[in-house]
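Q: Attaching a single structure in structure tokens format; questions to follow.
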Amino acid sequence: MKLLHIGKANNLEKYAAPDSFLFQLERVSCPIGRTTDEYLAAAGDADFIIADAIGGVSGELIEAMPRLRLIHSEGVAYNRIDIEAARAKHVWVCNSRGMNASAVAEQTILLMLGLLRDVAGGDRAVRQGRQIDVKEGWMQRGDLRELPDCSVGLIGFGDIGRATARLLRAFGVKNILCAKRTPLSPEEEEAFGVRCCGLAQLLSESDIVSLHLPVTADTAGMADSAFFSAMKDGAFFVNTSRGELVDDRALIEAIASGKVAMAGLDTLDDEPVRPDHPLLNVPDAVAERLLFSPHIGGITAASFRRSYAMIAQDIRDAAEGRVPDRVVNPW
């Protein structure tokens with residue numbers, strides 16, 4: 001049996017356990033961004049594909065691979081895999097859900113704290129010799145807040161949202177709101193220390209709004225002008241999920257108007273990000289209120305080791321005639 005890996009060379013060798021089932025397969029590795037013909041020439045007869053979460057697997061490629069049984073995202077996201085084409089051919093699509101929950105939760109807290117303390121602005125001030133001016137400004141205004149001073153709203157409450165709630169509780173945050181399609185039971189709310197509510201209420205009450213959702217037809221572009229207008233004046237916005245959830249122009253306008261105080265973003269749409277991206281070409285007054293990290297929330301070494309353990313189990317199940325655990329396109 002043959003495996004096509006679309007992504008960074010040697011990831012499998014680096015992160016899979018030495019006794020992994022994956023090492024029993026013939027393996028071919030190709031970088032993301034190649035054409036369908038190039039992938040087919042390299043491993044058109046592959047039984048399995050492992051794909052970088054931002055690499056994608058097209059319907060054209062799926063339809064042209066006669067032996068393909070399973071496509072596995074190397075991460076949690078799978079929106080760049082043609083789910084319908086895979087379903088039509090009875091090809092399982094799986095993701096590594098939960099593999100990076102603790103890592104992304106840590107990145108979420110990092111960005112929240114980075115916004116509250118304006119870490120990037122403080123760094124610039126010290127380098128420019130303005131330390132005392134900035135420090136005295138905070139003291140005179142009296143608006144430097146600690147995380148427990150804030151109400152935090154989590155939109156989506158899957159593995160990452162739950163891990164984030166646990167960390168927020170450890171920081172002493174008392175008011176954690178969550179909005180999700182299926183409300184939690186009272187027992188679950190108590191266990192996680194959260195209160196479920198509608199999206200409108202969450203936006204109007206939260207000092208920090210944080211996205212924890214996959215990209216779907218319903219969620220793409222959900223953080224639009226109406227979304228930001230419904231937020232509490234001067235609230236902070238954090239996105240460690242996917243850039244496609246956010247209308248960039250709407251976010252720029254919300255920051256420029258002061259409706260959103262600052263935004264912390266671990267991901268932007270259309271990655272890899274190009275120099276002409278809207279959020280990289282804004283007036284200085286907006287740029288100073290944006291805190292970026294390079295989509296590293298979920299790429300810790302421990303996360304990838306967990307992912308490759310999941311991938312190996314799912315591919316082994318498919319190879320041996322069982323339905324894998326992490327299927328996202330059931331039929």
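Q: Within 10 Å of each candidate Cβ there may be at most 13 other Cβ atoms; applying that plus a DSSP loop requirement, which trypsin sites (Lys or Arg not before Pro) in the stretch 223-331 survive?
A: ARG322
Q: For ASP37 and MET1, FRET efficiency with R0 = 22 Å and r from the beta-carbon atoms, rounded to 0.05?
A: 0.45
Q: Something else: In terms of the Cα gyration tensor, with a ≥ b ≥ c the square roots of its eigenvalues, is the stretch 101-292 rounded because a/c is under 1.5, prolate because a/b exceeds b/c, or oblate?
A: Cα axes put the stretch 101-292 in the oblate bin.
Q: Next question, about the same structure. Restricting to DSSP loop positions (anything but H, G, I, E, B) with no more than 15 other Cβ atoms inside 10 Å of their own Cβ, which chymotrypsin sites (Phe, Trp or Tyr not before Pro) remain in the stretch 68-171?
A: PHE171
Q: Can you flag which of LYS135/LYS232; LYS180/LYS259; LYS8/LYS259; LYS135/LYS180 are past 32 Å Cα-Cα?
A: Correct reply: LYS8/LYS259; LYS135/LYS180.
Q: Just need the relative contact order of the chain here, percent rounded to a whole number, with Cα pairs under 8 Å and 6+ apart.
A: Normalised by residue count, the contact order of the chain is 18 percent.
Q: Here's a follow-up. Going Cα to Cα from LYS89, which lysines come in below 26 Å? Please leave out same-chain ones fewer than 8 positions away.
A: Leaving aside lysines fewer than 8 places away in the same chain, those within reach of LYS89 are LYS2.
Q: Further question on the same structure: When the convex hull of the C-alpha atoms of the chain is computed, what volume per residue in Å³ does it have?
A: Measuring per residue, one finds 152 Å³ for the Cα hull of the chain.
Q: Next question. About the Cα centre of the stretch 101-292, what is the dipole size in debye to 20, counting +1 per Lys and Arg Cβ and -1 per Asp and Glu Cβ, all else neutral?
A: 420
Q: Going toward the positive end of the dipole of the stretch 1-93, with +1 on Lys and Arg Cβ and -1 on Asp and Glu Cβ, which of GLY33, MET65, ILE6 do you reach last?
A: Selected residue: ILE6.
Q: If you take the square roots of the eigenvalues of the alpha-carbon gyration tensor of the stretch 1-48 and sort them as a ≥ b ≥ c, do you get rounded (a/c under 1.5), prolate (a/b over b/c) or oblate?
A: Cα axes put the stretch 1-48 in the oblate bin.
Q: Once the dipole of the stretch 101-292 is set up with Lys and Arg at +1 and Asp and Glu at -1 on Cβ about the Cα centre, which of ILE176, SER210, LEU154 lies farthest towards its positive end?
A: Value computed over the given set: ILE176.
Q: Any chance you could tell me what percent of the C-alpha pair distances in the stretch 86-179 go past 22 Å?
A: Here the tail beyond 22 Å accounts for 48 percent of pairs.
Q: Please order PHE23, PHE192 by the number of other Cβ within 10 Å, starting at the fewest.
A: PHE23, PHE192
Q: Ok, one more. Using the 10 angstrom Cβ neighbour count as an exposure proxy, how do GLU244, GLU271 rank, fewest first?
A: GLU271, GLU244
Q: What's the magnitude of the charge dipole for the stretch 1-128 around its Cα centre, counting Lys and Arg as +1 and Asp and Glu as -1 at the beta-carbon? Answer in Debye, nearest 20.
A: Approximately 300 debye in magnitude.
Q: Going highest first, how would you order 276-288, 205-217, 94-106, 115-127 by mean Cβ packing within 10 Å?
A: 94-106, 205-217, 115-127, 276-288
The numbers here are math on the coordinates, done by the rules we state, and not lab data. Bear in mind the structure is a predicted one, so any value in this text is a computation, not a measurement. Glycine gets a Cβ as well: all are built from the backbone with ideal geometry, and neighbour counts include every protein chain shown.
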